[in-house]
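Structure, as structure tokens:
The values are calculated or read from the model by the stated rules, or taken from the named source; none is laboratory data. Computed from a predicted structure; not experimentally measured. Heads up, the Cβs are rebuilt from the backbone with ideal geometry, glycines too, and the neighbour counts pull from every protein chain shown. Quick note on the areas: whole protein, heavy atoms, side chains included, nothing else; ligands and nucleic acids left out. Shrake-Rupley method; radii C 1.70, N 1.55, O 1.52, S 1.80 Å.
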Amino acid sequence: MDSCRIPANASKCSGNTMECFMVLSTQAQKISIGILCGLFGTMCVFENSLVLYLIFSSPGIRKKPSYLFIGSLALADILASIIFVCSFVNFHVFNEAGFSKEVFLLQLGGVNTSFSASLSSLLLTALDRYLSISRPSEYKLLMTRKRAWTALGVLWLTCATIACLPLLGWNCCVLDSSCSELFPFVDDNYLSGWLCFVVVLLGCIIYAYAHVLWRARQHVAYMEKHQAQVGKQNTRMRMDVMLAKTLVMVLAVLVLCWSPVLVLMIYSVFSRLSDHLRKVFAFCSTLCLLNSMVNPIIYALRSKELFSSLRRVFSHFRRQLKAAEESPEAESTHKSSVIETVCEDTHTV
């Protein structure tokens, strides 16, 4: 493996460089990565697809900007899971290195776009909750559906542009600069810039949620003090507090799952990684899938509207199954009665 180490301040862009990044050396490691990616990826796609269905199949839910942002988060997690699992397993498990630099950077751009859009969607959701709690009387005027869709459009366009910069020329092959030890063809300066972008996103999310939690605590104290005053305002406050707590749980899971990957990325910028740390990075990357898998579970447990919609879907599905099971029995009973009638008529004749 030492022959494949990327020299400091040197560019390595030949075709055999791809093999230097295949750090899983044993069959057990490859099987473990394959199982983790298959399990997390499948569950992530299923759960987030269900979240999207619940949101956009309910007119009352899909009209709310809050759930448009959650839908964007679910869509980003679906795309990230599909692209990440396919490219990651193909590269690390099956050791497929026959594709070109452009194809690899395109796959990497897709993964970066999806994960960046996931973080950005959380930021928009945090800002939405911030406005809802800090300025409730003006919330509907400030956060309209048109503005929500515009914000989502800008979000996805920005994330796609930043993620595609290596494909457009910001890579160590074109610039003849130092390559990353974690990603083939990726310039160290670009990786530093992308890390700064992600850290800024996380910082803004944490700041917004800190303010949301502070206001939520104020609302809880207010409701405890004025329990006799029951009305729409208190109901709205309870919904805001519930959703704020839900999104803080999402943020906590996000930080726990992304911290190991980000720490190793930052460390790789300033110091050389050992073979062991590069293997650790490969396994820690699957935690990003775990984050995408856990988010929908938190929605189902914490969001009363989504949970009610989920129960309606299950109830409708059970009724259909029951009708399908009873249909053949009813048809058989009908045929039996017809045969008995014919036999009685024949006997009479």
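Just one residue in the set L262, L287 is of a type outside the set (S, T, N, Q), at pLDDT 85 or above and either open to solvent by less than 20 Å² (accessible area, probe 1.4 Å) or not in a helix (DSSP H, G or I) (or both); that residue is L262.
Being surrounded by fewer than 18 Cβ atoms within 10 Å (Cβ to Cβ), modelled with pLDDT under 85 and not in a helix (DSSP H, G or I) is true of V230. Number of residues in segment 55-74 that are in contact (Cβ under 8 Å) with a residue 60 or more places away in the chain, in a helix (DSSP H, G or I) and surrounded by fewer than 20 Cβ atoms within 10 Å (Cβ to Cβ): the value is 1.
M43 falls short on exactly one of the conditions (1) free of Cβ contacts under 8 Å to residues at least 40 places away in the same chain; (2) open to solvent by 60 Å² or more (accessible area, probe 1.4 Å); (3) in a helix (DSSP H, G or I), and that condition is (1).
Give just the number: which of (1) at pLDDT 90 or above; (2) basic (K, R); (3) closer than 16 Å to A126 by Cβ does R215 not satisfy? (1) is the only condition that R215 fails.
You will find that of L108, L127, the residue that is open to solvent by 20 Å² or more (accessible area, probe 1.4 Å), at pLDDT 90 or above, in a helix (DSSP H, G or I) and under 24 Å from N295 (Cα atoms) is L108 and no other.
Go through the residues of segment 160-182 one by one and say whether even a single one is at pLDDT 90 or above, of a type in the set (V, I, T) and either assigned to a helix (DSSP H, G or I) or open to solvent by less than 20 Å² (accessible area, probe 1.4 Å) (or both). Scanning segment 160-182 turns up at least one residue that is at pLDDT 90 or above, of a type in the set (V, I, T) and either assigned to a helix (DSSP H, G or I) or open to solvent by less than 20 Å² (accessible area, probe 1.4 Å) (or both). Would you check if there is a residue in segment 188-199 being β-branched (V, I, T), surrounded by fewer than 18 Cβ atoms within 10 Å (Cβ to Cβ) and more than 26 Å from S274 (Cα to Cα)? No, because not a single residue in segment 188-199 is β-branched (V, I, T), surrounded by fewer than 18 Cβ atoms within 10 Å (Cβ to Cβ) and more than 26 Å from S274 (Cα to Cα). I'd like the full set of residues that are surrounded by 12 or more Cβ atoms within 10 Å (Cβ to Cβ) and among the basic types (K, R), limited to segment 132-146. Those that are surrounded by 12 or more Cβ atoms within 10 Å (Cβ to Cβ) and among the basic types (K, R): R135, R145.
Note on segment 1-33: residues that are over 14 Å from N95 (Cβ atoms), at pLDDT below 50, outside any loop (DSSP other than H, G, I, E, B) and not charged (D, E, K, R) amount to 1. L157 falls short on exactly one of the conditions (1) open to solvent by less than 60 Å² (accessible area, probe 1.4 Å); (2) without any contact (Cβ under 8 Å) to a residue 24 or more places away in the chain, and that condition is (1).
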